[in-house]
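**Student:** The structure is given below, and queries will be raised subsequently.
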Amino acid sequence: MVSSTLQPLPNELWAEIFTSLPREALGCVYLTSRLFAHIVRPLLFRALEFHPYALVGGYRAVACPPSGLALPILEHIDSDRQRLSYWSSSDIAPLVRVCSVTPWGGLVYRRFSRADDPYVLLTGLFDALPSFTNLCTLALTNVYFTQQQLGNLSLLPNLMALEIEFCGVVRGTAINTTTLAPLPITSFTFAHDASGDNMDHWVPLLPVDKLVHLRLELYRHARFFDQIQAGDDFTGVKSLQISLGRLSLPWTRILSKFPAVESLILDQDFACEIPPHAPISDILPSLREYQGPGALLHFFLASPTLRHIDIPFWYTDCPTGNDILAYFQGFAGPNRITTLHTEFVQFDHVYLAGLGIAFPNLAELHIKVSVRGWNGEAPFEADALFEAMVWHSPLTPNIRKLALHWEYLSDAKPTPNFGCPDVNELKDALVSQHPELKVVWVDGSDTMYLWRRGSDVVQYTDSDDSAEVYSGVFVVRFLEAGLHSK
């Protein structure tokens with residue numbers, strides 16, 4: 001008789017399992033299990049949420065006077081101070097990796113009133129901030145700063161990501177950035193609007209050579225970019241996301257300040273009346289990924305390094321399939337695009353063939369069809385598309401991943417045959433014509449099919465518990481696999 005014993009799971013695996021539990025469940029495990037308490041403890045205190053005040057009268061912090069801030073009643077202030085003291089203690093503070101500071105979003109469970117010093121809790125947090133020596137991500141929304149508090153940000157030795165949304169400075173406070181050290185961060189998110197002020201202190205604090213990820217949401221506010229253009233190039237930024245609304249700026253002059261960018265996301269409303277001052281390949285010589293307006297695409301396709309594009313057309317103008325193909329085919333020269341994600345309001349075999357002609361090197365393709373009843377075209381019919389693809393696939397010879405997703409919106413009028421056809425026949429035909437094919441994902445009409453090379457086609461319906469998870473998550477993984485493949 002052979003006896004065997006189960007080997008204990010490593011702590012790293014237990015930690016991964018416990019990561020999926022809600023905080024309340026983690027607390028129960030921590031209080032009731034000696035075996036797992038030491039594993040759960042870092043997860044239980046990983047994230048700190050702090051609310052220093054409430055905004056009254058619809059103010060945002062960037063335009064809010066001190067009289068627009070309200071504090072909890074004294075009893076709750078004392079409780080918040082005790083909570084902050086506990087989290088910033090020597091036993092707990094080193095466990096905190098993420099900190100989020102926002103005003104109270106609802107006044108249901110607390111009573112608030114105006115105070116002589118509305119920053120008392122916020123000051124306590126910033127005074128305690130250096131205790132969080134392992135803090136990696138700090139997100140601040142509607143927060144007021146002083147000179148000292150800005151300086152405390154640079155005292156966080158492991159801070160990597162800083163998110164600043166609609167923040168300002170305390171009224172009457174002067175900020176002298178020449179006496180402040182650069183922020184020790186690799187990722188920076190900054191959101192502001194046209195009514196805001198006190199923006200001038202952020203650009204001088206950014207490490208232009210170490211910053212890797214930069215996201216700017218500046219709604220009709222050009223001054224921030226004036227500072228960027230007046231300073232040194234951000235030679236370390238690899239990922240850049242810019243939202244400007246309808247603000248018209250010399251956009252390629254802005255992009256030229258980020259010569260190492262590999263991934264670029266431009267807001268769909270990005271104004272493009274001003275033509276490029278130089279070829280994109282000269283401005284962004286390392287660009288690999290582009291997501292943004294189709295109207296700008298022809299400027300980017302000539303870039304020899306560009307491989308991945310994401311064009312969410314229907315988000316704004318909802319053009320027809322012919323309009324979209326015109327965008328793609330408007331560039332007469334060759335391109336090296338291998339991954340494409342785009343959206344249509346109508347789609348059929350002709351459009352698929354057009355994509356193959358426009359992008360002959362496609363290896364990964366994700367098409368989303370949002371069927372609308374008012375666009376004047378015939379409703380999307382998946383079975384007709386599949387039948388045509390079985391007879392002859394217009395996909396590129398080296399296609400490896402294919403995803404088709406469609407949805408009938410509220411004003412659409414689908415035909416009786418609007419359901420999702422059986423994918424097995426399509427899969428067999430595609431594999432015979434495209435030997436490199438590895439993944440087929442089809443999702444629409446409350447049915448989803450998923451096939452991976454080496455396995456059978458798996459079908460899910462809206463009644464399956466896992467269908468929603470797969471439908472929402474798989475496309476993200478599909479795209480990530482495409483965007484990061486070399």
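**Student:** Using packing as a proxy for protection, rank 428-437, 292-301, 38-47 so that the peptide with the highest average count of other Cβ atoms within 10 Å comes first.
**Tutor:** Ranked by mean Cβ neighbours within 10 Å, highest first: 292-301, 38-47, 428-437.
**Student:** May I ask you to derive the FRET efficiency for residue 81 and residue 16 from their Cβ-Cβ distance with R0 = 41 Å, giving the value to the nearest 0.05?
**Tutor:** 0.70
**Student:** Of the peptides 361-368, 347-354, 178-185, how do they stack up when ordered by the mean number of other Cβ atoms within 10 Å, highest first?
**Tutor:** Details: 361-368: 20.4, 347-354: 18.2, 178-185: 14.6.
In decreasing order of mean packing, 361-368, 347-354, 178-185 become 361-368, 347-354, 178-185.
**Student:** Quick one: 100, 263, 303, fewest Cβ neighbours within 10 Å first, how do they rank?
**Tutor:** Taking fewest neighbouring Cβ atoms as first place, the list is 100, 263, 303.
**Student:** Going down the table (368/401; 238/368; 257/401; 238/401), which pairs top 24 Å between alpha carbons?
**Tutor:** 238/368; 257/401; 238/401
**Student:** Applying a 10 Å radius around every beta-carbon, put 49-55, 333-339 in order of their mean neighbour count, most first.
**Tutor:** The most tightly packed comes first, giving 49-55, 333-339.
**Student:** If you don't mind, there's one more thing I want to ask. Along Cα→Cβ, 7 Å out, is where each label goes; now give me the distance between the ones at residue 33 and residue 353 in nm to one decimal.
**Tutor:** Each label point lies 7 Å from its Cα, and together they span 5.9 nm.
Bear in mind these aren't lab numbers, they're just calculated from the coordinates by the rules spelled out. Computed from a prediction, not measured in an experiment: that's the story for all the values here. Neighbour counts are summed over all protein chains in view; Cβ atoms, including those assigned to glycine, are modelled from backbone coordinates with ideal geometry.
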